[in-house]
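Data first, discussion second: the structure below is written as structure tokens.
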Amino acid sequence: MCTSTALSASTPDHTQIIPPKLPGSHGVWVPPLADNLIVGGIKSYAEALNVSSTQIPGYWVHKDRHLKVGEPPKPGEKILYYTHGGGYVALTAHPDGQMAPVPMGFLEHSSTTTRTFSIEYRLLCPGSKATHPFPTALLDALAGYTYLVNLGFQEEDIILCGDSAGGNLALALTRYLVENTGKADKLPRTPGALVLFSPWADMSESFEANRAESATQSAAHDWTSPTDSEEMVRAVKAFLGNKPDEIANANRHVYSSPASPYLMGLTSDSATRKVSFKNFPRTWLDFGGSEVLRDQIKRLGVAMEGDLGKEKFKLNECPGGVHGYIAFEWFQPERSENMRKIAAWLEHV
């Protein structure tokens, strides 16, 4: 929790489980990761910034209200694993929170998904002494994913879903699983599918001289801040641990900025693409046509389709949609129509 921010005792965060009011929803404690699951470059980042895994809350939402909490899955049972948005600095996984319509939408429109699980990852606290920098949220997301696998869910039955910063986190978790397959004992495999809503895929735009065209065009239409706004720049710097070298090279940080022009091979000093999405699962990438992140999301889509092929990748643009429109229940009929499309697509995963 950011102690500098006025939060009430009932504000959901990683330090406590607040019993949800939503029928069929439950909170549980997710155990910390075993040390052997944190390896490679992420281990080095964690050690350098004094980041470790810890116990955090997770929240279940059941379509069947009589289902017991943590009940082992039936053979072939699908589950949605959700990482919420909020710029890594705000919002919550709590079923009564602002982002709850995203997992709830899946339960409403899916015939194969009967419960969802959302992780209450630790939020950034920007400032000169930033808390919970990268890879804190990644370790928390991995802990939640490992919890589901240890519960009995097969990786191919897990649908990993994230929006905005949660989409960034879902991409990072998938990349970690892909890159470290066989390198860490008992590390889970990649999920069966990846669903990304308006993912924040290039933090480096905050430090580029030339703003993205969509940031200029959509600033008057979208509700969220352009990536070079003061608050977003502070969040990115905190995410990178306020380390000058990391901030200066944010465009080369494959976990935070996988769609940066540099990594995509679109700059004068980078003639070839340096980021790969090979071995990623089947992916649905969804965004609004009127959002400030449109350009970077399209860059991401081009690369993912190139590596995954059209059979495993779907790019969906919602005309007139703002950033994270999928969480706004009033954004109709587009929201419900796209939820139904995704549910139908997932039935073939």
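Just one of (1) surrounded by 14 or more Cβ atoms within 10 Å (Cβ to Cβ); (2) free of Cβ contacts under 8 Å to residues at least 12 places away in the same chain trips up H323, so point out which.
Just one mismatch for H323, condition (2).
Restricting to the range 275-303, give me the number of residues that are assigned to a helix (DSSP H, G or I), closer than 18 Å to N251 by Cβ and not hydrophobic (A, V, I, L, M, F, W, C).
Number satisfying all stated conditions: 4.
Can you say whether P75 is in a loop (DSSP other than H, G, I, E, B) and within 19 Å of L138 (Cα to Cα), as far as the supplied structure shows?
Answer is no for this residue.
How many residues does the range 324-349 contain that are in a helix (DSSP H, G or I) and of a type in the set (S, T, N, Q)?
Residues that pass the stated criteria total 2.
Checking the condition part of a helix (DSSP H, G or I), surrounded by fewer than 18 Cβ atoms within 10 Å (Cβ to Cβ) and not hydrophobic (A, V, I, L, M, F, W, C), which residue from K21, K43 passes?
K43
Hey, can you tell me all the residues within the range 288-311 that are in contact with a helix residue (DSSP H, G or I) (Cβ under 9 Å, 6 or more places away or on another chain) and within 17 Å of S276 (Cβ to Cβ)?
First, pick out the residues of the range 288-311 that are in contact with a helix residue (DSSP H, G or I) (Cβ under 9 Å, 6 or more places away or on another chain): 288-298, 300.
Correct list: L300 only.
Only the coordinates and a few stated rules stand behind these numbers; no lab work does. From a predicted model like this one, the values you see are computed outputs, not experimental measurements. Virtual Cβ from ideal backbone geometry, glycine too; neighbours counted across all protein chains shown.
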